[in-house]
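The values are calculated or read from the model by the stated rules, or taken from the named source; none is laboratory data. This one's a predicted model, so the numbers in the text were calculated from it and none came from an experiment. Neighbour counts are summed over all protein chains in view; Cβ atoms, including those assigned to glycine, are modelled from backbone coordinates with ideal geometry. Note: accessible area is taken over every heavy atom of the protein model, side chains too, but ligands, DNA and RNA are not part of it. Shrake-Rupley method; radii C 1.70, N 1.55, O 1.52, S 1.80 Å.
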Amino acid sequence: MQIYKILSALLEYPDQELIDHLPEIRVEIGKCQDVDATETGAILKLLDHLADTPLTELQAAYVRTFDMTPEHSLHLTHHLFGDDNDKNRGPALIDLGELYKDYGVKVMTNELPDYLPLVLEFVAFLEDEEATAFLSDANKVLTVLTKNLDKAKSPYAPLLSIVKSRSTPACLAA
């Protein structure tokens, strides 16, 4: 689903290429059939923020938010096992990498397989129900991460809120 590709791109470290593609992303959001008005509004607000803020400020804020603050890490297993627990985190990362291979997905990045933008790239290839089921395994982590980013008033918090809401099956969301 296109929404996951867009969220993935927006959660990556901001660079000039992303800034150059903001108008295209805006157009794609307008075309997405699977995005509701609240989600569209949240994404457009972030696009405005990205367009209106100098790139070096965006990059510094991104590093402070996601790289320097462990509670905001985009590596999902970090929130479950921390950095030092190789006994559990290592096998979880291996299993996730193997799952990607089982689906024929080649990881073309140096990031760990639990890096949220990479996870969202993978989810973009799944059918709706399968995507929700896959993300539901990370629901608790997404809830914590969303709350942490909300508390920090991060402009990325609404994106995490979108992912979190899509990680809850419709029968449980009601």
Inside segment 18-36, the number of residues satisfying the requirement of being closer than 22 Å to Ser154 by Cβ and assigned to a helix (DSSP H, G or I) is 6
Consider segment 158-174. How many of its residues are more than 29 Å from Glu57 (Cβ to Cβ), open to solvent by less than 40 Å² (accessible area, probe 1.4 Å) and either outside any loop (DSSP other than H, G, I, E, B) or at pLDDT 90 or above (or both)? 2
Quick check on my filter: what residues within segment 94-116 are in contact with a strand residue (DSSP E or B) (Cβ under 9 Å, 6 or more places away or on another chain) and part of a helix (DSSP H, G or I)? Leu116
So Arg89, is it of a type in the set (D, E, K, R) and open to solvent by less than 50 Å² (accessible area, probe 1.4 Å): yes
Applying the selection to segment 117-127, what residues are part of a helix (DSSP H, G or I) and either within 17 Å of Asp95 (Cβ to Cβ) or free of Cβ contacts under 8 Å to residues at least 12 places away in the same chain (or both)? Leu118, Val119, Phe122, Val123
Could you grab me the full set of residues in segment 128-140 that are touching a residue at least 60 places away in the same chain (Cβ under 8 Å) and within 12 Å of the chain's Cα centre (by Cα)? Ala138
Looking at segment 58-71 only, could you name the residues that are under 23 Å from Lys147 (Cβ atoms) and open to solvent by 20 Å² or more (accessible area, probe 1.4 Å)? Ala61, Val63, Arg64, Thr65, Asp67, Met68, Thr69, Pro70, Glu71
Could you say whether any residue in segment 75-86 is of a type in the set (A, V, I, L, M, F, W, C) and under 25 Å from Asp34 (Cα atoms)? yes
If you check Pro155, Pro113, which single one turns out to be open to solvent by less than 40 Å² (accessible area, probe 1.4 Å), under 23 Å from Pro70 (Cβ atoms) and either under 11 Å from the mean Cα position of the chain (by Cα) or of a type outside the set (Ser, Thr, Tyr) (or both)? Pro113
Residues in segment 132-157 that are farther than 18 Å from Pro14 by Cβ and assigned to a helix (DSSP H, G or I): how many? 17
Here is a check on your reading of the model: is Leu126 in contact with a strand residue (DSSP E or B) (Cβ under 8 Å, 6 or more places away or on another chain) and closer than 26 Å to Cys32 by Cα? no
Which pairs have Cβ atoms under 6 Å, sit 6 or more apart or on different chains, and link a residue in segment 44-66 that is of a type in the set (Phe, Trp, Tyr) to one that is surrounded by fewer than 17 Cβ atoms within 10 Å (Cβ to Cβ)? Tyr62/Tyr13
Residues of segment 28-57 being of a type in the set (Val, Ile, Thr) and surrounded by 11 or more Cβ atoms within 10 Å (Cβ to Cβ), in sequence order, are Ile29, Val35, Thr38, Thr40, Ile43, Thr53
Residue satisfying all of: in segment 116-147; surrounded by 15 or more Cβ atoms within 10 Å (Cβ to Cβ) and of a type in the set (D, E, K, R); modelled with the lowest pLDDT among these: Glu121
